[in-house]
1. Would segment 60-69 turn up any residue that is buried (at least 20 other Cβ atoms within 10 Å of the Cβ) and touching a residue at least 24 places away in the same chain (Cβ under 8 Å)?
2. Just checking, does segment 74-85 include any residue being surrounded by 14 or more Cβ atoms within 10 Å (Cβ to Cβ), free of Cβ contacts under 8 Å to residues at least 60 places away in the same chain and among the hydrophobic types (A, V, I, L, M, F, W, C)?
3. Is it true that some residue in segment 432-445 is in contact with a Ser or Thr (Cβ under 7 Å, 6 or more places away or on another chain) and surrounded by 24 or more Cβ atoms within 10 Å (Cβ to Cβ)?
4. Return only the number of the condition from (1) free of Cβ contacts under 8 Å to residues at least 24 places away in the same chain; (2) closer than 24 Å to I399 by Cβ that H90 does not satisfy.
5. Quick one: would you say L404 is crowded, with 23+ Cβ neighbours inside 10 Å, assigned by TED's automatic domain parsing to the domain that holds T357 and of a type outside the set (D, E, K, R)?
6. Scanning for something among the hydrophobic types (A, V, I, L, M, F, W, C), free of Cβ contacts under 8 Å to residues at least 40 places away in the same chain and under 30 Å from L537 (Cα atoms), does segment 48-59 turn up at least one residue?
7. When you look at T301, is it assigned by TED's automatic domain parsing to the domain that holds R441, polar (S, T, N, Q) and within 22 Å of the chain's Cα centre (by Cα), yes or no?
Amino acid sequence: MKTLYWIGMAILMLSCNETKTTSNTKTYYNGEIISMVGNSPNYLDAVVVDSGKIVFTGALDQANKKYKDSEQIDLKGNTLLPGFVDAHSHFSIAIGLVNQVNLTSPPMGTISSFKDIQEALVTFQKERNIPKGEWVIGWGYDPMQLGEMKDITKVEIDAVLPNHKVMLVHISNHGAVLNSNALEWAEITAETPQPFGGVIARMEGSMEPAGMIFETAYLPVKEKKPTSSEEQMMTAIDQVIAQYAENGYTHAQDGLSFTKEALLLKKAAANGKLKIDVAALMSFSEIDEWMNHPEINIDDTYTKGLKIHGVKLVQDGSPQGKTAYMTKPFITGGPAGETDWYGEPIQPREDFTKLFTKMWEAEIPIFVHVNGDAASDDLISALESVKANASQDRRTVSIHTQFLRKDQIDSFVKLGVSPSFFTNHCFYWGDEHIANQGEERASFISPMKSSMNAGLVVSNHTDFNVTPLDPFFVLWTSITRETRSGVKLDQAESLSAYEALQALTTGAAYQVFEENRKGRIKEGLLADFVVLDKNPLKVDVDEIRNISIIETIKEGKTVFKKE
């Protein structure tokens, strides 16, 4: 009898292990489920989710046997992917855009001339009833896409808004054009010297500031730029979260957080506003402030959707703004008409190395903005100075990494750098890069394929608001590498559709040490999904841009659903 009893108990225990009768689970089936596990496409029959995590992947009959009371979610032939992981954007900047005028050019916006800018500013001022003496701020200003093919000056802005302070933030977020009242507020005059690593454009034939300022000349202005009220920003956070979610992102990055912005994000998280994960990188310009702030701690854990993950260093500017730091001169000269112009570093190499070393010794994850190859040389030098190597698994991330040379890829492999590329540049400014740097150098921009072939883990990003959050446009640019005019940049650097997806999922998750938390559909990972109406691996490349997001799911909960 005792033997029969124990046999019966064993059968009962095995039965319990085989079948789950909980109603909290959801089973996704009848779709193209791409796991993103491994370096080639792997399709799953079914995925079971419980309490925000993936608990089963495999055959549908096995899922139904093990979780027989699970809610059945019929994908109806649509495609299920891991939620997209944003490798680099500016969440905090996006919050402020809600109360600024859109000055972007096609295909992002409608601005094509000085006149368009003037009309947009006046219309915005009237619609918002902004009183005299107050600010009118525009974003997305790109002089290279205007018919005049040059920077607007304070003269043209003063002509329509002489009694307001006006700032047009450059599409790169590295500079702006100010009108006379704003220049006075910023205390920039004919006597203001050109700062190291910065540019102040002057009126022709004089030292009078023309309006355009870049890099270190802009940073102090950016830091004290007026912001919306906390109530307005909290409302805007809801709208920004919705933007990321409707584009399929379950993870966003705030790519340069000042202390006040990090504290705002902490308050938003405490109030339950972060429906997706947000990872913040603290600004290099305020290191002493945030390192000594009791409420800001670099940590790899989330608190209600937020983690302060690391630090962002900036060592040069933007190639489209002609402030990237290059080893060969810009063919077309500098942003303010300079000749023999190589761009400039934000700070001398020795100062950058000291700052990098301080963060390295504090064991803070380091992300470094490097666009030009000379800036990447500075990063390599800093890594060598701290005796970095790949085996340490520090995962230093180079942001943008546009003009990376082949020999620098080899250095990145040895030093353990994981580059985040920006292939949208191929389309938006590829033609300008050819004009500024020559076809050979411009064609090798964002060398993702060479980097992957060398063994580097890479990601791709939008730098939102510099380009739209649209992940399918990112996929398309990394595959086609096509400019606005139809020029195909170095096709040896083109990715397959699957590799392009890796850069938006597994690669981006790896760079923030979350490859065992998100970026794949695998047991034990978060149930972060995006549902697409088409499979990007099975449509023609130009059709990728037309894929639609049906639903975005964060830890098993829907955060966006197409109506």
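1. We begin by selecting, within segment 60-69, every residue buried (at least 20 other Cβ atoms within 10 Å of the Cβ); these are 63, 67.
So of that shortlist, the ones also touching a residue at least 24 places away in the same chain (Cβ under 8 Å) come out as 63, 67.
So far as segment 60-69 goes, yes, one or more of its residues are buried (at least 20 other Cβ atoms within 10 Å of the Cβ) and touching a residue at least 24 places away in the same chain (Cβ under 8 Å).
2. To start, the set of residues in segment 74-85 that are surrounded by 14 or more Cβ atoms within 10 Å (Cβ to Cβ) comprises 75, 78-85.
Of the ones still in play, those that are also free of Cβ contacts under 8 Å to residues at least 60 places away in the same chain are none.
No: zero hits.
3. At the first step, the residues of segment 432-445 found to be in contact with a Ser or Thr (Cβ under 7 Å, 6 or more places away or on another chain) are 435-436.
Cutting the leftovers down to surrounded by 24 or more Cβ atoms within 10 Å (Cβ to Cβ) gives us none.
Within segment 432-445 (the criterion being in contact with a Ser or Thr (Cβ under 7 Å, 6 or more places away or on another chain) and surrounded by 24 or more Cβ atoms within 10 Å (Cβ to Cβ)), the answer is no, since none of the residues qualifies.
4. Of the numbered conditions (1) free of Cβ contacts under 8 Å to residues at least 24 places away in the same chain; (2) closer than 24 Å to I399 by Cβ, the odd one out for H90 is (1).
5. Working: crowded, with 23+ Cβ neighbours inside 10 Å: yes; assigned by TED's automatic domain parsing to the domain that holds T357: yes; of a type outside the set (D, E, K, R): yes.
Yes.
6. The first filter runs over segment 48-59 and keeps only residues among the hydrophobic types (A, V, I, L, M, F, W, C), leaving 48-49, 54-56, 59.
If we keep only those that are free of Cβ contacts under 8 Å to residues at least 40 places away in the same chain too, we end up with 48, 59.
The next check asks that each one be under 30 Å from L537 (Cα atoms); those that pass are 48, 59.
Yes, that holds for at least one residue.
7. Values: assigned by TED's automatic domain parsing to the domain that holds R441: yes; polar (S, T, N, Q): yes; within 22 Å of the chain's Cα centre (by Cα): yes.
Criteria met by T301.
One line per residue, one yes/no per condition, for (1) part of a loop (DSSP other than H, G, I, E, B); (2) in contact with an Asp or Glu (Cβ under 8 Å, 6 or more places away or on another chain):
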{"position": "I213", "(1), (2)": "no, no"}
{"position": "A217", "(1), (2)": "yes, no"}
{"position": "P220", "(1), (2)": "no, no"}
{"position": "Q232", "(1), (2)": "no, no"}
{"position": "I237", "(1), (2)": "no, no"}
{"position": "A242", "(1), (2)": "no, no"}
{"position": "D254", "(1), (2)": "no, yes"}
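The values are calculated or read from the model by the stated rules, or taken from the named source; none is laboratory data. These figures come from a predicted structure and were not determined experimentally. A quick note on method: Cβ atoms are made from the backbone with ideal geometry, for glycine too, and the neighbour counts reach across all protein chains shown.
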